1. Pull up segment 183-223, narrow it to residues that are among the aliphatic types (A, V, I, L, M), part of a helix (DSSP H, G or I) and more than 11 Å from the ligand (Cβ to nearest atom), then point me to the one that is nearest to VAL265 (Cα to Cα).
2. So, in segment 73-87, exactly how many residues are of a type in the set (S, T, N, Q) and closer than 13 Å to PRO254 by Cβ?
3. Within segment 26-59, work out how many residues are farther than 17 Å from ASN286 by Cα and open to solvent by 70 Å² or more (accessible area, probe 1.4 Å).
4. Residue check: is HIS296 open to solvent by less than 60 Å² (accessible area, probe 1.4 Å), modelled with pLDDT of 75 or more and in a helix (DSSP H, G or I)?
5. Considering segment 170-190 alone, what residues qualify as being open to solvent by less than 10 Å² (accessible area, probe 1.4 Å) and out of contact with any Gly (no Cβ under 6 Å at 6 or more places or on another chain)?
6. Looking only at residues that are free of Cβ contacts under 8 Å to residues at least 40 places away in the same chain and open to solvent by less than 60 Å² (accessible area, probe 1.4 Å) in segment 68-79, which one is nearest to the ligand (Cβ to nearest atom)?
7. Could you tell me whether any residue of segment 229-239 is within 14 Å of the ligand (Cβ to nearest atom), in a helix (DSSP H, G or I) and modelled with pLDDT under 95?
8. Mind listing just one residue for me: the one in segment 131-144 that is within 12 Å of ALA65 (Cβ to Cβ) and open to solvent by 20 Å² or more (accessible area, probe 1.4 Å) and, of those, nearest to the ligand (Cβ to nearest atom)?
Amino acid sequence: MSVSEKVVQLFKDNDKAVITAALFALVGASVVTRRVFSLLKLLFDVYIRPGKSLKNFGAGRGAWAIITGASDGIGKEFAYQLAQAKFNLLLISRTESKLQALANEIEQKHNVETRIYAMDFSKGIPENLKEIINQLDVGVLINNVATNHEIPTPFFLENDQLIDNIVEVNIASVLRITKIVIPIMKAKNRGLIINCGSFSGYVPSPYLSVYSGSKAFLSTWSAAIGMELKSSGITATAMSKIRRATWLIPYPKPYVKAVLSKIGVPGGASAIPFGSNAYPSHALVNWLISYTFDMHFWLRRNFEHQTDIRNRALRKREREAAAAKSQ
Ligand SMILES: NC(=O)c1ccc[n+]([C@@H]2O[C@H](COP(=O)([O-])OP(=O)(O)OC[C@H]3O[C@@H](n4cnc5c(N)ncnc54)[C@H](OP(=O)(O)O)[C@@H]3O)[C@@H](O)[C@H]2O)c1
């Protein structure tokens with residue numbers, strides 16, 4: 001008797017309960033296996049699998065790295081570590097004095113060329129920046145600059161100018177600068193484009209809706225252009241980053257180190273379906289988000305968290321206003 005005939009026979013024998021239990025067991029086992037496998041893959045990606053060498057993108061061969069929002073925080077750390085890897089640097093942000101101090105320090109320490117460009121990304125990309133970039137052999141672009149809501153605010157109450165600024169800085173300027181750089185990278189058949197993402201691009205952040213949406217855009221767009229550019233030797237990826245936590249928040253140094261050592265490693269079967277989670281605790285949180293509760297659970301948690309931050313920020317504003325009045 002064939003297997004299918006045996007199954008039919010089992011049904012005929014009215015043994016439906018046994019078969020149903022077996023089917024449930026099978027489905028359960030496949031779900032558990034998938035989760036265990038995804039966790040093992042994540043651990044392998046994060047702890048063992050090496051990323052592409054920065055030499056593939058022109059490190060030590062005269063190539064340039066462009067870093068937006070370079071004068072502080074994560075952007076500044078990318079500047080230090082890319083200079084250490086022997087890229088020349090074009091550093092961009094608003095404050096010329098900070099850029100100049102950083103450029104001087106890096107030139108002395110790392111013996112690479114630097115250029116600075118002071119501009120406000122909320123005002124668009126100046127034509128002469130395009131000319132400057134077109135003269136450089138660009139191997140790396142770090143789209144790091146971003147702006148956020150001042151405090152968690154309901155969308156309909158948010159200041160129109162601030163909404164425009166977030167769209168301009170976090171989305172429009174990233175598209176424009178990347179579009180300038182891609183032909184240069186394609187000509188050399190190599191390039192690395194890192195777009196600094198955020199967990200709020202995956203789990204929506206109520207009251208930070210425009211920022212959250214801008215990061216979701218970056219993640220989707222990065223994955224799309226990453227696929228378009230793969231055959232040109234260009235890696236484009238969104239790197240996830242968590243704001244404000246304890247063990248989750250690495251200082252910029254270990255975070256950037258992890259990012260640069262995991263170029264091209266997808267980061268396990270994580271919540272952010274495309275892009276990379278180089279930092280171990282980020283990767284683990286992504287995994288937990290994906291495989292524990294459903295997205296509505298995390299959305300509600302985020303809503304409660306942002307509501308709490310908003311209430312505290314409003315109380316602080318009231319206290320400051322009262323103090324200013326009494327002076
Ligand atoms: N830090 C976190 O915990 C965290 C969490 C999630 C995601 N991220 C992402 O990581 C990236 C960097 O964050 P960060 O915390 O390191 O930022 P940060 O410390 O606030 O630094 C921002 C940089 O951007 C420059 N900048 C700001 N607005 C600008 C504008 N309109 N035009 C030109 N330059 C501008 C600033 O310099 P000037 O003021 O001189 O212009 C500074 O160099 C962002 O994409 C952010 O969304 C960070």
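1. At the first step, the residues of segment 183-223 found to be among the aliphatic types (A, V, I, L, M) are 184-185, 187, 192-194, 203, 208, 210, 216, 218, 223.
Restricting the remaining residues to those that are part of a helix (DSSP H, G or I) gives 184-185, 187, 210, 216, 218, 223.
Narrowing further to those that are more than 11 Å from the ligand (Cβ to nearest atom): 184-185, 187, 210, 216, 223.
Working: ILE184: 24, MET185: 20, ALA187: 24, VAL210: 29, ALA216: 20, ALA223: 13 Å.
Top of the filtered list is ALA223.
2. Going through segment 73-87 one residue at a time, the tally reaches 1.
3. Within segment 26-59, the subset farther than 17 Å from ASN286 by Cα is 26-33, 48-59.
From what's left, open to solvent by 70 Å² or more (accessible area, probe 1.4 Å): 26-27, 32-33, 48-50, 52, 55-56.
Number of matching residues: 10.
4. On the way: open to solvent by less than 60 Å² (accessible area, probe 1.4 Å): no; modelled with pLDDT of 75 or more: yes; in a helix (DSSP H, G or I): yes.
So HIS296 does not fit the description; no.
5. Restricting attention to segment 170-190, the residues satisfying the condition of being open to solvent by less than 10 Å² (accessible area, probe 1.4 Å) are 170, 173-174, 177-178, 181, 185.
Within segment 170-190, ASN170, SER173, VAL174, ILE177, THR178, VAL181 meet the criteria.
6. So in segment 68-79, the residues free of Cβ contacts under 8 Å to residues at least 40 places away in the same chain come out as 71-72, 79.
Within this subset, residues satisfying the condition of being open to solvent by less than 60 Å² (accessible area, probe 1.4 Å) are 71, 79.
On the way: SER71: 4, ALA79: 10 Å.
Out of the qualifying residues, it is SER71.
7. No.
8. Residue satisfying both the conditions and the ranking: ASN144.
The values are calculated or read from the model by the stated rules, or taken from the named source; none is laboratory data. These figures come from a predicted structure and were not determined experimentally. Methodologically, a virtual Cβ is constructed for each residue, glycine included, from the backbone with ideal geometry; neighbour enumeration extends over all protein chains shown. The protein model used for the area step is the full one, side chains on, heavy atoms only, and it has no ligands, DNA or RNA in it. Shrake-Rupley method; radii C 1.70, N 1.55, O 1.52, S 1.80 Å.
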